[in-house]
Structures are given as structure tokens and as C-alpha cells.
Amino acid sequence: MDDQPWVFLDVETTGANPVFDRITEIGLVEVGRDGRTVEWSSLVNPGFRIPPTIQTITGITDDMVALAPAFSEIARPLLARLEGKLLVAHNARFDYGFLRNEFRRAGHRYASRVLCTVKLSRRLYPLEARHNLDTLIARHGIACEARHRALGDARAIWRIVDFWRCSIEPARFAAAMDVLVKAPAVPAGLPDGALDGIPEAPGVYLFYGENDSVLYVGKSVNLRSRVLSHFAGDHRDAKDMKIAQQVRRVDWIETAGELGALIEEARLVKNLAPVYNRRLRRSTELCAWHWRAEEPAAAPRLVTARELDPERFDDLHGLFRSRAAALEGLREIALAHQLCPIVLGLENGNGPCFAHQLKRCRGTCVGKETRAAHGLRLAAALAQLKMRPWPFKGRVGVRENGARALIVLERWCYIGTACTDAELAEFAEKRTQPVFDADTYKILSRYFASSRRDYRVVDLAA
């Protein structure tokens, strides 16, 4: 700690999402190489009302921030205090994410090495189960004059780390620090510091090569961890090795949660056609089998993407990227369930099918089984491929992790993401026919079928 300046920081905010929520207070303790400390704090006007629950937790009210400066007004002097210092925070992903987004909105770029005291506590005290700030304050007997206020918490974090530095064997403390603060390996084609600003947040990342060609698009609930994993020294994946050799620029888009990242990844892959993405590419031959149990004698009919109607998914089975894949899929079902290829329309002819000659058909084609019985078995076989009907009355918005942004959806189709009421009203006015996409359908059907509870559905049908 003696050979570098540190800044211990805490922020209070309007919510938990650094993309859509805002900072209401900043407090920091600067620790110089000589050990001297300088404290600074400021309330911040977030530009909108603070939720009542947050006001109760922090004690920071709308009246208190009404005359406070906006972040853009304090951005430049705050940046001067932070630059060149190791940023230390408790659950640093949260504070660093909010700082980076606020600086970005104010027109400044901020990137720093970061030390998370939650992670440091886990390394220093691996047998302890809890590492939240209240627990550490109580465990180590640390004074905290103003809990849940930015400067009070920043002081507590500084005192906790100073306690560890003085009470733990220096080599062990330094080793734990080295692991957590160690700079990531950067591919030769990227400039120094190119990976410093990548947040530990959900989103989509893009790798660019020569002439800004898009090499790869990926998504993660932790962008920083995922991007760095591509450039790990062992290069277990040949694709990662090629990307590391060719990458010249890295960009990313933060989202409120996993659903936003999944949808954005699928959209970008289709629009940009990256070199090393194969999955999620646009399919021009998308098709499905149309068959109604009420008409058991009828053969399944192959319908193309242009004919797919999300309002009538009850009669659709499977999503295939080509006509050949759809035919192969139906042949596999016929073989597995001893269904008749002639009845299914896979073979022409009036007599026994070839499968019956091999004892792989129960004989509907020769009258041994009725069309009705065959239809019942076909219905059971196709059940596993049956398309799910849209589970809502109409258009809905999905709000992830309490964010203000709404992911607008209609009949398994992605309409867009609205961050303001004006954008939501614009989507309502357009009311264009949703464009069905197989990957979006699969993403949404899996998402809504899961047991997760980190999102809320808002009815927008009206």
C-alpha cells in the first residue's frame, strides 16, 4: 500500500442498475503514498425522483438532492481525484459500474484498476461465511459514523483494509492483493488499457479485426470476465486463439440483464454476420411443419418463414433452418415411432411403403392400422416439437433487475427497448407487423419457462 495512491469510494444510488439508475451521493477517502488521507463527498441530483424504499435505506431524500449538482457538474473535478489511483470499494462491480456510466453520460472516459473488498475478504478469511459490510464492521470492531451514507461507508472500507494490512502477515496480504488487482493479458493487436474499462455487468461484446471487420459477437452476465476468458494464456479453444491473433478493437453494450443481452447478441449476429459466429446467423429458409390433430389423415405441410403466423402456433411443430433439415427431422420421427412415410408425404405411392417392408411401419399404408390411430401416434410424436402459444394477451414489456428500460415484445417477436416514455409511445404509434425470428422465439420461450424471478412483465396490450 506504500507504493501507490489509493481511493476508497462508495456511492449511493436510485437503484441497482448502473445503466438506468443514477448516483445520489459520492464519498471517497484518498490515501497517498505517504499515508496521508483526504476526504471528499457530494450529494448528486439524479434528475428524477428517488424511490421511497431507497430514501428509507439511505436517508437521502428528494429535498436533499434538489439543489445538489448534477453529475456532469462534478465530473471533471471528480475525475481528477480518481485518475491514477487504485479504486477500492465494497462490491466494487456496483460502484465502478455506476461511475463509468455516469462519466460516459457526462462525456468522459473513466477506467481504473479496481479492488473489491468483498473478494479480498473472502481470500483473507476463507472460512468465514459472510463478507457484507455490516458483518466486516462488526467482526473487526470498525467504527462507522454514518452507515448507508457514501462518506461514512468509504471511511469504514478504508479502516477495514488498514486493519487487514496491519494484522495480516504482509506476504499473505500482498499475494491476495496481487491476484485481485493483476492486470489482464492483452493481445498484441490491442493497445494498452484496451480492456481496462470493460465492466462486470450484463451485456454484449464485439471483437473487431483489420479494417474494423467484425470477428465475433458474444454475450455474458459478466462482460469483463467473459472477454478476458477469450484471451487466457492457455487458449483451449482454437477459435479463441485466432481471435486473439486478429483482434484490433473491443467494444461492448451494457444491458439491464441476461434477456437483453441474449436478444441483442442474436440481433447483432444476424445484422453483422461476424466471421467466427455460426450459431444465430440469419436463416432465409426458416420453416416448420403445420399439422392439425383434428385432421389426422392429412399429411404435415411444410410452411416457410413468410407463412409463419405467431398467432396460430398451436398447429406448428418444430423450427428448422432449411427445408432439408425439416424433412430429415420428420424422417427421424417416422423411424423412431414406426410412422408411415407415405401417409406423412415423405414417399409417393399407393402400396406398402419401403419402411413397412423393413418392418419399420405399422402398416397404415396397407390397411393394417387406421388413419385415426396413425394420427394419434403422430400427434404424440409431434408433441415434443409443438410451438408454444404466446403466454400473454398481447404486447408486453419486460423489466429486468428493476431497471427503468422495458424490452418490448409481441407474439414472440422483439419490438425494441424503450428507456423513456417517449420511446414507448413511439413503439405504440408505429404498431408495425412484428418480424418473427426463430432464435428470439427460442430465447423467449426458454426464458419465460425458467424459474427465475429477476424480471417483471408489464402489460402493454392497451
(message) I'd like the Karplus ³J(HN,Hα) series for segment 76-92: coefficients 6.51, -1.76, 1.60, θ = phi - 60°, whole numbers in Hz, and an x wherever there's a Gly or Pro.
(response) 5, x, 5, 4, 5, 6, 8, 4, x, 10, 6, 7, 10, 8, 8, 6, 4
(request) Within 10 Å, count the other beta carbons around each residue, average over each peptide in 141-153, 253-265, and list them highest first. (result) 253-265, 141-153
(request) Divide by every residue of the chain the summed helix terms, -39500 (n - 2.57) for each DSSP H run of at least 4, and state the resulting mean residue ellipticity at 222 nm, rounded to the nearest 500 deg cm²/dmol. (result) -11000 deg cm²/dmol
(request) Pop a pseudo-label 7 angstrom from the Cα along the beta-carbon direction at both R105 and E83 and give the gap in nm to one decimal. (result) 2.3 nm
(message) Rounded to the nearest percent, how much of the accessible area of the chain (1.4 Å probe, protein heavy atoms only) is carbon and sulfur?
(response) 50 percent
(request) Scan (1) 1.10; (2) 1.07; (3) 0.96 for the value of Rg/Rh (Cα atoms, Kirkwood Rh) calculated from this model and give just the label. (result) (1)
(message) Please list 3J(HN,Hα) in residue order for segment 211-224, calculated via the Karplus relation 6.51 cos²θ - 1.76 cosθ + 1.60 where θ = phi - 60°; whole Hz, with x for glycine and proline.
(response) 6, 6, 6, 7, 7, 7, 10, x, 9, 6, 7, 9, 4, 4
(request) Using a/c under 1.5 as the rounded threshold, could you call segment 1-152 rounded, prolate or oblate? The axes a ≥ b ≥ c are square roots of the C-alpha gyration tensor eigenvalues, and prolate needs a/b larger than b/c, oblate otherwise. (result) oblate
(request) Work through the residues other than F71 whose Cβ is under 13 Å from its Cβ and net out their charges, Lys, Arg +1 and Asp, Glu -1. (result) 0
(message) Give me, ordered by chain and number, the residues 5 or more places off A70 or on other chains with an amide H under 5 Å from its own placed amide H.
(response) N45
(request) With a 1.4 Å probe and every protein chain left in place, work out the accessible area per residue of the chain in Å², rounded to a whole number. (result) 50 Å²
(message) Quick check on my link table: of K119/K270; K393/K442; K119/K219; K242/K442; K119/K442; K270/K430, which ones sit more than 26 Å apart, alpha carbon to alpha carbon?
(response) K119/K270; K242/K442; K119/K442
(request) Enter the angle in degrees (range 0 to 90, nearest 10) between the Cα long axis of helix 258-272 and the first principal axis of the Cα atoms of the chain, meaning the one along which they spread out most. (result) 70 degrees
(request) Note the angle between two axes, namely the Cα long axis of helix 150-167 and the longest principal axis of the Cα atoms of the chain, as a number of degrees from 0 to 90, rounded to the nearest 10. (result) 80 degrees
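Sorted by accessible area with a 1.4 angstrom probe, largest first, how do D63, D439, D314 fall?
D63, D314, D439
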(request) Let me know the shape class of segment 404-462, please: from the alpha-carbon gyration tensor, a ≥ b ≥ c as square roots of the eigenvalues, rounded when a/c is under 1.5, otherwise prolate if a/b is greater than b/c, or oblate. (result) oblate
(message) Below 16 Å, Cα to Cα, which aspartates and glutamates can K182 reach? Residues fewer than 8 away in the same chain don't count.
(response) D3, D192, D196, E200
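The values are calculated or read from the model by the stated rules, or taken from the named source; none is laboratory data. Keep in mind that this is a model prediction, so the values were computed, not measured. So basically every Cβ, Gly included, is an ideal-geometry build from the backbone, and we count neighbours across all protein chains shown. Ligands, DNA and RNA are excluded from the accessible area calculation, which covers all protein heavy atoms including side chains. Shrake-Rupley method; radii C 1.70, N 1.55, O 1.52, S 1.80 Å.
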